[in-house]
Amino acid sequence: MKTNFITKAVLVIATALLFQSCEKDDGLESIISNPSLETSDVKKNSPNYSLSSWMRVINGNTNLSALSIPGTHDSGARYDSSFFSGTAKCQDLTIGEQLRSGTRFLDIRCRHINNNFAIHHGAVYQKLNFTDVVNYCYDFLNRNPTETIIMSVKEEHDPSNNNRSFEATLDSYINKNASKWYLGEHIPTLNTVRGKIVLLRRFHARNKPKGIDVTKWKDNTTFTINNGKEVLRIQDRYKISSNGTKWNKITSLLSDAKNGNRRTMYINFTSGYQSNWLGIPSIPKVSNNINPKITNYFNHNRAGRYGAILMDFATASRNKLIIETNF
């Protein structure tokens, strides 16, 4: 009798555990099949790729405007002013390190001096010249021919001791390796520009085509450029009184990019500075607040087109979150 009682008890417990297990499976099934979940909440497995060659797994017929692209603001700015910390430095990684970490949009600021380009952030020379920048890019593209690099070129600080135009000096650099540049006025497909630098032109040019024209850039706001060839929507609010307001501007353009026309190129600067009571700007006061928000945002929004996102102090881990929204 005692043996029969123990046997029955074991059977009852086993049956209860089995039903409990089935209830857990039913709960999981209801999550998977729940039609109310957004695609951003359930992420398919990403293809195999590396941060150095993530564009390899993108369909070559895809227009660059239809991608989510990690970028850097003031890409060459790795040094601060000698007098004030936090006023000029925007990146920890070199150009080469940025590219190997997944960055595909560079923001290059050139001072025109002695018929050459020195990389500046404002008045602060960044111990880097344009030759260094393009050599980083050429080396990277030679090693990773499936990739492309969008490069915004803008004149920075005061020109000095030149006898030719800013455009002519850029031409002198491009002509040394012209096959590595895409100078078309239209936003290209990826196959068109694999292995090339795509010029985004923030300076006036006499000889055209010379890259995608964004010379109608507006200061410290969100704006649209329609240059007659392409449409670009840009958020570049950099004078920041409130990080909350800046974050709202960023997320507003992210939402526009996700839902907007895929032929429109969206460029979203997450960078900026706050000034103290003496008027001295601090870049980290913005980046230290905004960068964790970007990480959190893309941890929760894992699929969709979000455009080019240009960050201060970019990292491989944050880049990866942005890249994976393409898959």
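Summary table below
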quantity: Residue, surrounded by the most Cβ atoms within 10 Å (Cβ to Cβ), within the range 189-248, restricted to residues that are out of contact with any helix residue (DSSP H, G or I) (no Cβ under 8 Å at 6 or more places or on another chain) and of a type in the set (Gly, Ala, Ser); calculated: GLY211
quantity: Residue that is farthest from ILE119 (Cα to Cα) [pool: residues in the range 169-193 that are part of a helix (DSSP H, G or I) and of a type in the set (A, V, I, L, M, F, W, C)]; calculated: LEU190
quantity: Pair list, Cβ < 6 Å and 6+ apart or interchain, from the range 95-115 residues that are farther than 19 Å from VAL198 by Cβ to residues that are hydroxyl-bearing (Ser, Thr, Tyr) and in a strand (DSSP E or B); calculated: ILE113/SER160
quantity: From the options SER255, SER271, residue that is of a type outside the set (Val, Ile, Thr), surrounded by fewer than 22 Cβ atoms within 10 Å (Cβ to Cβ), within 17 Å of the chain's Cα centre (by Cα) and closer than 26 Å to VAL198 by Cβ; calculated: SER255
quantity: Verdict on ASP139 being acidic (Asp, Glu) and closer than 27 Å to THR264 by Cα; calculated: no
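None of the figures in this text is laboratory data; all of them are computed from the coordinates on show. Model, not experiment: these values are computed from the prediction. Reconstructed Cβ throughout: ideal geometry from the backbone, glycine too, with neighbour counts over all protein chains shown.
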